[in-house]
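Take a look at the structure below.
Just so it is clear, none of the values below were taken in a lab; they were calculated from the coordinates. Nothing here was measured: the structure is a model prediction, and the numbers come from that model. We place every Cβ from the backbone using ideal geometry, glycine too, and count neighbours over all the protein chains shown.
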Amino acid sequence: MRYKLGDFVRFVDEKLEGFVTRIIDDQMIGVTTEDDFEIPVLANKVTSVHGYHPPGAVKEANAEEPAHACEFIGRGVFVAVVSDPKANSVVHFYLVNETSFQLLASLTTEKQDHFKGEFAGIIPPKSAEKIYSAQLADLQLWPKFIFSVIFHSKQNVEPPAPLNISEKFKAKDFSGSKKQIALLKQQGWLIRLDEPEMVIDAQKLKESFYKTPEEKTVVEKPSKEIDLHIEKLRSDHQFIGSAEILKIQLDHFHKMLDAAIVNQMPEVVFIHGAGNGTLRHEVQKILSKHPRVQTFMDAQKEKFGYGATRVMLK
């Protein structure tokens, strides 16, 4: 198939043009025209419109950006998922490089033991590259994504270990609010790839069970409903900056979540408020990766509105 999702094409026999929004089979594609109507058509009955660049498209840089050692940024590799500006049913995946390294990157997809190389290339510093497109409605049918990233720089900087990450995206990965992605100049979901995973130290956990009663710390059982509003945590909150407030709230969230797990509570509700959604997004991002969290959802809307998350623990 010569066409990909998001390609801009023109009909050969009719005065119509639009975006490829579905790959039906090896012969047929679905093209959505400007009236948002998807038309099935034979692939040999359309032709590519070359030179078209959708809003927010990122042009590839040719050389590594110079940077002084004190300005060198070593972390910041993301996958951005954004809706196509002309066909909202299609989403595009970008590999976003906010570091000062060049990234030697590849993406392979795997579905039912069938592997397919989707992208391989160099992503310069402070740039992004489109690596994949898919139908958002088919999220449950998406393949597993296998990312491989090597860091490269001509400067005297030790590169991080290569990234080798397998990810099967789920609906909860897109439950948070969209963010403005500066490099793409678009709203979308941003998923970090170079974030260290939570590791449970089995030896330390084992040692904790053999401490004498005097050595063991008693962890009080928390309330079933834990309020993360800053005014409930600090009396001097009006003198604290927004970044420090978020840190205080997340520290308390971690402490109470650990306490609930230690006390073998089956569930707990965190009240974070609606606000601008930043705290809710951070809380749910942590919960989505926590090995002791079975699932989470919006808490009782009649009582909390959209300002609380109910967490079911294993």
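Under the criterion of Cα pairs below 8 Å and six or more residues apart, the relative contact order for segment 210-314 equals 27 percent. Peptides 220-227, 276-283, 162-169, ordered by how many other C-beta atoms sit within 10 Å of their residues on average, highest first, read 276-283, 220-227, 162-169.
Amide H to amide H, with H built 1.01 Å from N, residue 132 comes under 5 Å of 93, counting only residues 5 or more places away or on other chains.
Assuming 0.36 nm per residue, please report the length gained on full extension of the stretch residue 4 to residue 157 beyond their Cα-Cα distance.
That works out to 51.3 nm of additional length.
I need the shape label for segment 69-192. Rule: rounded when a/c is under 1.5, else prolate if a/b > b/c, else oblate, with a, b, c from the alpha carbon gyration tensor. Verdict is oblate for segment 69-192.
Each Cα pair under 8 Å and six or more residues apart adds its sequence gap; the mean of these over the residue count of segment 69-192 is a relative contact order of 26 percent.
I'd like the FRET efficiency for residue 263 and residue 240, computed as 1/(1 + (r/R0)^6) with the beta carbon distance as r and R0 of 41 Å, rounded to 0.05. Don't jump to the answer; show the numbers that get you there.
Numbers: r = 30 Å, r/R0 = 0.72.
The formula returns an efficiency of 0.85 here.
In this calculation the C-beta distance from residue 47 to residue 182 is compared with R0 = 35 Å, giving a FRET efficiency of 0.50. Shown is the FRET efficiency for residue 292 and residue 118, computed with R0 = 45 Å from the Cβ-Cβ distance and rounded to the nearest 0.05: 0.85.
When 254, 92 are sorted by how many other C-beta atoms sit within 10 angstrom of their C-beta, beginning with the fewest, the order is 254, 92. For segment 95-135, the square roots of the Cα gyration tensor eigenvalues, ordered a ≥ b ≥ c, give a/c of at least 1.5 with a/b greater than b/c, which places it in the prolate category.
Which of the three applies to segment 8-48, rounded, prolate or oblate, going by the alpha-carbon gyration tensor with a ≥ b ≥ c and a/c under 1.5 meaning rounded? In terms of gyration-tensor shape, oblate. When peptides 264-272, 241-249 are sorted by average Cβ neighbour count within 10 Å, with the highest value leading, the order is 264-272, 241-249.
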